[in-house]
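Engineer: Dumping the structure here so I can ask a few things about it.
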Amino acid sequence: MLVPIFTLKLNHKINPRMVTVGKFDGVHPCLAAATQAGKVFIHNPHTRGQRQAAHRLSQSTQDSDISLLNINQAVSCLTAGRLGPNTTGDTLLVGSQTNLLAYDVHDNTDIFYREVADGANAIVLGKLGDIQSPLAIIGGNCALQGFNYEGNDQFWTVTGDNVRSLVLCDFTGDGKNELLVGSEDFDIRVFREDELVSEMAENETVTSLCHMHGSRFGYALANGTVGVYDRTARYWRIKSKNHAMSIHAFDLNADGVVELITGWSNGKIDARSDRTGEVIFKDNFSSSVAGVVEGDYRMDGQVQLICTSVEGEVRGYLPASKEMKGNLMDTSVEQDLIRELSQRKQNLLLELRNYEENAKAAPGASEGDMQMGVIPANTQLQTALSVRAATESQRAHIELSISTPNETIIRAVLIFAEGIFEGESHVVHPSAQNLSGCVRVPIIPPKDIPVDLHIKAFVGGKSSTQFHVFEITRQLPRFSMYDLNVDPLSPKPTGRVTFTINDRPQRVVMWLNQNFLLPEGINSPDVTFTSLRGGGLLIINMQSNGQISLRTDDIDLAGDLIQSLASFLAIEDLQAEADFPTYFEELRGTLTEVDEFHSVHQKLTAAMADHSNHIRNMLVQAEDARLLGDFKTMKKRYIELYDLNRDLINEYKIRSNNHNALLACLKSVNQAIQRAGRLRVGKPKNQVISACRDAIKNNNINALFKIMRAGAPSS
Amino acid sequence: MDLNLNHVDYLQVGVTSQKTMKLLPAIGRKATQKVAVADHDGVVTCFGMKKGEAVPVFKSLPGQKISRLELGGALGTPQEKIFVCSGSEVRGFTKKGKQFLSFEANLTESINAMHVSGADLFVCASYIYNHYCDCKDQDYYLSGDKINDIVCLPVETVGRTVPILACQDRVLRVLQGSELLYDVEVPGPPSVLELHNKDGGKDGEEVLYGTADGKLGLIKIERSAPVTRWEIDNKKKKGGVLCMDTFDILGDGVKDILVGRDDGTVEVYGLDSSGEHTLRFEHVLSESVTSIQGGCVGKETFDEIITTTYTGWVSGLTTEPQQMEAGPGEEVKMSRETQTKVAALRAELEQLQVKVLQGREKYQQSSQSSTAVSAVPVFSINDKFTLCQDDASYSLTLEVQTAIDNLLLQSDVPIDLLDVDKNSAVVSFSECDSEPNGNFLLATYRCQANTTRLELKVRSIEGQYGTLQAYITPRLQPKTCQVRQYQIKPLSLHQRTHTIDQDRPMNTLSLVGQFSFAEIHSWVVFCLPEVPEKTPAGENITFFFQNTFLGTQLEATYCKGEAHFKSDNISTISILKDVLTKEATKRKINLNISYEVNEDSVNHTLRMIHPKLEYQLLLAKKVQLIDALKELQVHEGNADFLIPEYRSILEESTHLLEEYKKQPAHLERLYGMITDLFIDKFKFKGQNVKTKVSLLLEILDNYDLNSLIDFFNEA
């Protein structure tokens, strides 16, 4: 059994995922972590009693090994590493919702302090692509930004939604690092500098990413899933009812291959084989794990795995010694093997007994057998998917109907599917009076994603206590919420996107049949659908010269359709012309709002500076009055001060509202760029994104819309 | 813990009942003992261990499910004859496996407890006790509630036959002939009885008992009255006791108490220096422990604890150290014994696999035929649905002999499903449509591999009654699922007690009408938990109950045509009135209902709630402060500047948080009950005060006992 080689209790809370180890003086590894009240603490057990407090740094009075760093803002991410070329030690980088601070702990100085409008939800430090110097890359609201040691913005791009996790690794195997971005729209995106290389769709917010080795990386989702990818293929994943707080790659069993170490919200730590996900080691903390890092904390040349809990408990584990032979848990391999084999034997015996007893059962079952849920052996379940338009009592939905061919009844239906229900399953359980051989399940997928429906239906008699379980898997096509029935009166969509492909119309028809829920297939690529979600029309039209036009008011839908079609037809580059008047109008409004918010922001900042001057004056006056014994004036001054304070708080509220509104606008601008990009594929896509970005930087709004419409001129 | 025991698996048989494994007495000094075990397939297996391998002595033919196994023999000789009971039949085997006795007890119910002493045989079915001597009827007794176990004081030492019955209504009944000598109250429903030190101690009068809610104790059954020696509480909320034994595993010359529980815990209690029983060893198996014995099976001179679990694993916790094979080379060496064992198992598996494949094929073929039926035999489920006194919630445990794939929970009453830390299953709540299918809870549990046991917690609300259904699907082909139903009774939080405080102000509800004793009894069974289903003998009956959440009480006295219910909680009376009226109307029985409301009772109940409410409010307040105080502490470096009250909160913070976590929604439940009390008080006066509830909640927010009482009196 592997036991921790050291355990520390730091008496400071640790914010989840905000833990790092850095050699701030170039020699001694220290643990740095964000704690309550906008502070970062640095635990340095190596050089006791040699430090003095100054600037940001102050010694904790509770524990001499800990120094506290005042950030005065809620910390949202933190990392440490070598950023500048000529620094003695590692630089500490602390991100908040508005700023990024690069700090030299050893010299106790700020290296740079930058305002970041999109916030910093995640941070990673390292080399990206061909960029020479290491970058501190932060991910915020839909945007990615990279800073070099001078604080200069060297890298900027947008992504689909708020970034939650970042990691650098050589994904493509070209010897250079790519940036992996996990975001709130459930996607893991891979950027080679600012070019989007790959996208992997998951089914929850991607909360953590970590590099394993080569092109392999681990990921964790907000719903308790952890797993490992190799490039775009998922190796394995497991789901727990707890949440993965932190993941890290570490070779704990000393076999030369790293394992995925996961720290869970219930305080569990486990190490899983990168190939199979099998647990090779586990341990428990009394509270949720905050972060898992590694470092040579004892300075003896061996790197330890360091796990921290939110209550400030720290444990270090050394990789297993040779004697343990990779067996880190307190179990006997032999016992386990025998037990497993016996279990399998028992299972087979039970199955065999089932068949034997079944063979004995005579046809024409008696009443007593009804309890057992005897059903005719030829019972087969029929399932059908169909699109149902909205009625007065029910929203528009896809109907899954499951029925038995004989007098048996369906007691309940369980559907396990990812991403379309609130939980991972949906249950239909009719009351005893409403039992029948047919169950209709309304399904409303919230997004256009292809979903496998794993259906389990309990089939038996009305009074049975045991039922046969039928397990069926049906696939729900990506664009299933679109109905061929069109109301001739509904207005034609104003938005459109046109592009040309070099493929036969039959292939497009194939794509349509595969990705839409069509009752009996179609044979022409010219179709019109009603969207059951928004209600608008979707018109797809293909001309003989290969020009396809999609007409819809939903720019996201157009983007999804193009991406899906392009991957079906294996198109690498696709240029398109687009026009979405309503959306563009909205965007124009948003851009003006952004300007307004900016100016309001400036005004408020000025007002605040004014007020703080007032406060200073008033405080001096009040204190003067107190010293002079003029309590009447003092009281008056303090009442004024109180009023001013109240004003300040109110103003702060306005400021914060203004700031939130600004953030929302910026997010939608970022998303607009992303959307414009998604209407194109491959190179044209990246060109559009970078051209749009330049247009925004130069504040050239007309150019922005031109690019969105016509695409970027290839440079 | 000074005791170190290693877990070794010996053999797997079928599913086992409670107390179905015994060790045969050793022949000669320090030889290994043989194990006799009986299972639900009706097979008695007797085996010994030779060189780590189980060598069968004999194995009987399959038959009806065996519910108990006992050893017997002529008095004064080694007790090595094996007696088993299945259905209403008792069979006897010699240690060589020769059947020498087959005795049909001719009981209408099947035997579930048995004791053998010389030529005397004592058997118990659900409510009936029978004593046979040389297979001739001797005595008979009808118990008031279900009999769980039986034991007799040793005739050799006591000189008379003293049977003791463990009955579900929290009583040990001591018999003399066919008459009740006296009964002994125990703190929970007793589930198992054993003689202390296997012979009842020096006077042969000491009996150990274990209860279904996890407590154990020792009682001396003297000629005229019982003497309680000691009791051990179940503070850690472990499972119920299923089996016990006494054996000196610690090797200190005093026999220790071995305990097996239904949550898989195996415990050893030893006497410490002060003569107190303390826990000396604990080990957790994955399934409920049905039998436990101390002895020597695996290897000579090494004592061990032998257990059987629900799924039939016979295993040992042995003092024999596990040999360390620290041979050269990297490979983990397996001992030759294990190698042959594994090879044999693998061969067996292969054969089985072929057979199963054939069976599968045949089964598939039968689905082509239109006359064949599919009838899969019922798999066995070990389930328990009990009220936990401490947190007034129900715990549901389910255990299946093979791994559970998934579980569907459905309820037609509003209940809360609480998370249990031990569970690893992923729970998912599905949207419920209360109309028209009457579902208030639909939840699925997707289990991890090898989960054979699931534990859930459910919180009910008094007055809301209905059924909770669990659909269990094991991982076994052909897939079937079984449904189990659990009643949520109208007064679900009540528990049987033996006495109540008669001085409290009581409200009375009296019913007079044309109903039979059986009818009124069935209504009481419908309303209250822990009442025996069978109509009690005699003309009239009185039951006492206590509300586990509030501590209020209820007395129910009824006979043919008349019933009286007395409670200090007016809500209890109100619920009873509603339910009983409904039931009577259903059966078209005219009821004459009269009630007597004692005004003082409401204030009395409020005063009873007061300390609980005050404690919870204070706790909530303190917990709210913890984070802020900790932040201040970090900011200032120490906590010396705080007032003592706050300092004490900081010091006790972990304890407070624990306490708070233990009772989720406790405050809301108390509020709910006070609101019910308020509404019910005025309901009896014929006033509807639902409009004033918001006022009441306001008062509760600024809680003060006097103002609350005033509000109750004034409204």
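The values are calculated or read from the model by the stated rules, or taken from the named source; none is laboratory data. Note that the coordinates shown come from a computational prediction; the quantities given were computed from them, not determined experimentally. Don't worry about glycine lacking a Cβ; one is built from the backbone with ideal geometry, like all the others, and counts go over all protein chains shown. Just so you know, the surface numbers come from the protein's heavy atoms only, side chains and all, with ligands and any DNA or RNA stripped out. Shrake-Rupley method; radii C 1.70, N 1.55, O 1.52, S 1.80 Å.
Engineer: Considering each residue of the stretch A:140-192, count those that are β-branched (V, I, T) and either open to solvent by 30 Å² or more (accessible area, probe 1.4 Å) or part of a loop (DSSP other than H, G, I, E, B) (or both), and give that number.
Structural biologist: First, the residues of the stretch A:140-192 that are β-branched (V, I, T): A:157-159, A:163, A:167, A:172, A:181, A:188, A:190.
The next check asks that each one be either open to solvent by 30 Å² or more (accessible area, probe 1.4 Å) or part of a loop (DSSP other than H, G, I, E, B) (or both); those that pass are A:159, A:172.
Final tally of qualifying residues: 2.
Engineer: Right, something else. Could you tell me whether any residue of the stretch B:369-383 is surrounded by fewer than 19 Cβ atoms within 10 Å (Cβ to Cβ), charged (D, E, K, R) and away from chain A (no Cβ under 14 Å)?
Structural biologist: no
Engineer: Of all residues in the stretch B:571-625, which are loosely packed, with under 15 Cβ neighbours inside 10 Å, within 30 Å of B:Y660 (Cβ to Cβ) and of a type in the set (K, R)?
Structural biologist: B:R607, B:K621 - these are the residues of the stretch B:571-625 that are loosely packed, with under 15 Cβ neighbours inside 10 Å, within 30 Å of B:Y660 (Cβ to Cβ) and of a type in the set (K, R).
Residues are listed down the side, and each one gets a yes or a no for (1) at the interface with another protein chain (Cβ under 10 Å from one of its Cβ atoms); (2) free of Cβ contacts under 8 Å to residues at least 12 places away in the same chain; (3) aliphatic (A, V, I, L, M):
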| position | (1), (2), (3) |
| --- | --- |
| A:S342 | yes, yes, no |
| A:K345 | yes, yes, no |
| A:R388 | no, no, no |
| A:E392 | no, yes, no |
| A:S403 | no, no, no |
| A:I420 | no, no, yes |
| A:V427 | yes, no, yes |
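Engineer: While we're looking at this one, here's another question. Is at least one residue of the stretch A:263-271 of a type in the set (D, E) and open to solvent by 40 Å² or more (accessible area, probe 1.4 Å)?
Structural biologist: Pass one, the stretch A:263-271, residues of a type in the set (D, E): A:270.
This time we only want the ones that are open to solvent by 40 Å² or more (accessible area, probe 1.4 Å), so: none.
No, that holds for no residue.
Engineer: Taking the residues in the stretch A:209-228 that are open to solvent by 10 Å² or more (accessible area, probe 1.4 Å) and out of contact with any Gly (no Cβ under 7 Å at 6 or more places or on another chain) as candidates, determine which candidate is farthest from B:S428 (Cα to Cα).
Structural biologist: A:G214
Engineer: Could you say which residue among B:Q364, B:Q358, B:Q351 is at pLDDT 85 or above, more than 30 Å from B:K457 (Cα to Cα) and more than 9 Å from chain A (Cβ to nearest Cβ)? Don't jump to the end; show me each part of the working.
Structural biologist: Details: B:Q364 fails: at pLDDT 85 or above; B:Q358 fails: more than 9 Å from chain A (Cβ to nearest Cβ).
Only one candidate passes the filter, namely B:Q351.
Engineer: Take the stretch B:152-170 and flag every residue that is open to solvent by 10 Å² or more (accessible area, probe 1.4 Å) and of a type outside the set (D, E).
Structural biologist: Within the stretch B:152-170, B:P154, B:V155, B:T157, B:V158, B:G159, B:R160, B:T161, B:Q168, B:R170 qualify.
Engineer: Quick one: B:S126 ticks every box in (1) in a loop (DSSP other than H, G, I, E, B); (2) hydroxyl-bearing (S, T, Y); (3) in contact with a Leu (Cβ under 9 Å, 6 or more places away or on another chain); (4) open to solvent by less than 40 Å² (accessible area, probe 1.4 Å) bar one, so which box is it?
Structural biologist: (3)
Engineer: Okay, next question. Show the residue pairs meeting these rules: Cβ distance below 6 Å; 6+ apart or different chains; first residue within the stretch B:237-251 and of a type in the set (V, I, T); second residue open to solvent by 30 Å² or more (accessible area, probe 1.4 Å).
Structural biologist: Close Cβ pairs (under 6 Å, with a partner that is open to solvent by 30 Å² or more (accessible area, probe 1.4 Å)) amount to B:T246/B:N197; B:T246/B:K198; B:T246/B:K255; B:I249/B:D303.
Engineer: Given the options A:K447, A:K456, name the one that is within 12 Å of chain B (Cβ to nearest Cβ) and among the basic types (K, R).
Structural biologist: Values: A:K447 fails: within 12 Å of chain B (Cβ to nearest Cβ).
Exactly one of A:K447, A:K456 is within 12 Å of chain B (Cβ to nearest Cβ) and among the basic types (K, R), namely A:K456.
Engineer: Find the residue count for the stretch B:71-90, including only residues that are farther than 14 Å from B:K59 by Cβ, assigned to a strand (DSSP E or B) and not polar (S, T, N, Q).
Structural biologist: At the first step, the residues of the stretch B:71-90 found to be farther than 14 Å from B:K59 by Cβ are B:71-81, B:83, B:85-90.
This time we only want the ones that are assigned to a strand (DSSP E or B), so: B:71-72, B:81, B:83, B:85-86, B:89-90.
Then keep just the ones that are not polar (S, T, N, Q); that gives B:71-72, B:81, B:83, B:85, B:89-90.
Here the count works out to 7.
Engineer: Name every residue in the stretch A:79-130 that is open to solvent by 30 Å² or more (accessible area, probe 1.4 Å), within 28 Å of the chain's Cα centre (by Cα) and among the β-branched types (V, I, T), in order of residue number.
Structural biologist: A:T98
Engineer: Starting from the stretch A:123-135, take each residue that is within 22 Å of A:N162 (Cβ to Cβ) and in a strand (DSSP E or B) and list its partners that are open to solvent by 30 Å² or more (accessible area, probe 1.4 Å) and modelled with pLDDT under 85, counting only C-beta distances under 8 angstrom and pairs at least six apart or across chains.
Structural biologist: Listed pairs, sorted by first residue: A:L135/A:Q154.
Engineer: Restricting to the stretch B:194-219, name every residue that is in contact with a Lys or Arg (Cβ under 6 Å, 6 or more places away or on another chain) and basic (K, R).
Structural biologist: Narrowing the stretch B:194-219 to residues in contact with a Lys or Arg (Cβ under 6 Å, 6 or more places away or on another chain): B:197, B:205-206, B:214, B:218.
Scanning the stretch B:194-219 gives no hits.
Engineer: Report yes if B:S694 is in a helix (DSSP H, G or I) and open to solvent by 60 Å² or more (accessible area, probe 1.4 Å), otherwise no.
Structural biologist: Values: in a helix (DSSP H, G or I): yes; open to solvent by 60 Å² or more (accessible area, probe 1.4 Å): yes.
Against the criterion (in a helix (DSSP H, G or I) and open to solvent by 60 Å² or more (accessible area, probe 1.4 Å)), B:S694 qualifies.
Engineer: Where in the stretch B:134-193 are there strands (runs of 3 or more DSSP E), lying fully within it, with 3 or more residues that are closer than 17 Å to B:R229 by Cβ, within 23 Å of the chain's Cα centre (by Cα) and free of Cβ contacts under 8 Å to residues at least 12 places away in the same chain?
Structural biologist: Values: elements: B:136-142, B:147-152, B:163-167, B:171-176, B:179-185.
By residue number, no strands (runs of 3 or more DSSP E) qualify.
Engineer: Could you list, in sequence order, the residues of the stretch B:444-486 that are open to solvent by 10 Å² or more (accessible area, probe 1.4 Å), aliphatic (A, V, I, L, M) and at pLDDT 90 or above?
Structural biologist: Selection gives B:V483 alone.
Engineer: Considering the stretch A:687-715 alone, what residues qualify as being touching a residue at least 60 places away in the same chain (Cβ under 8 Å), within 17 Å of A:E193 (Cα to Cα) and surrounded by 22 or more Cβ atoms within 10 Å (Cβ to Cβ)?
Structural biologist: If the condition is that a residue be touching a residue at least 60 places away in the same chain (Cβ under 8 Å), within 17 Å of A:E193 (Cα to Cα) and surrounded by 22 or more Cβ atoms within 10 Å (Cβ to Cβ), then A:I689 is the only one that fits.
Engineer: Where in the stretch B:438-536 are the strands (runs of 3 or more DSSP E), entirely inside, with at least 1 residues that are in contact (Cβ under 8 Å) with a residue 40 or more places away in the chain and touching a Gly at 6+ places or on another chain (Cβ under 6 Å)?
Structural biologist: Answer list for the stretch B:438-536: B:480-488.
Engineer: Only residues that are open to solvent by less than 10 Å² (accessible area, probe 1.4 Å) and either in contact with a helix residue (DSSP H, G or I) (Cβ under 9 Å, 6 or more places away or on another chain) or among the acidic types (D, E) (or both): list them for the stretch A:272-313, please.
Structural biologist: Listed by number, the list holds a single entry, A:D274.
Engineer: With at negative phi and surrounded by 18 or more Cβ atoms within 10 Å (Cβ to Cβ) as the only criterion, which of B:L75, B:L61, B:L71, B:L23 stands out?
Structural biologist: Values: B:L75 fails: surrounded by 18 or more Cβ atoms within 10 Å (Cβ to Cβ); B:L61 fails: surrounded by 18 or more Cβ atoms within 10 Å (Cβ to Cβ); B:L71 fails: surrounded by 18 or more Cβ atoms within 10 Å (Cβ to Cβ).
B:L23 is the lone residue from the list that is at negative phi and surrounded by 18 or more Cβ atoms within 10 Å (Cβ to Cβ).
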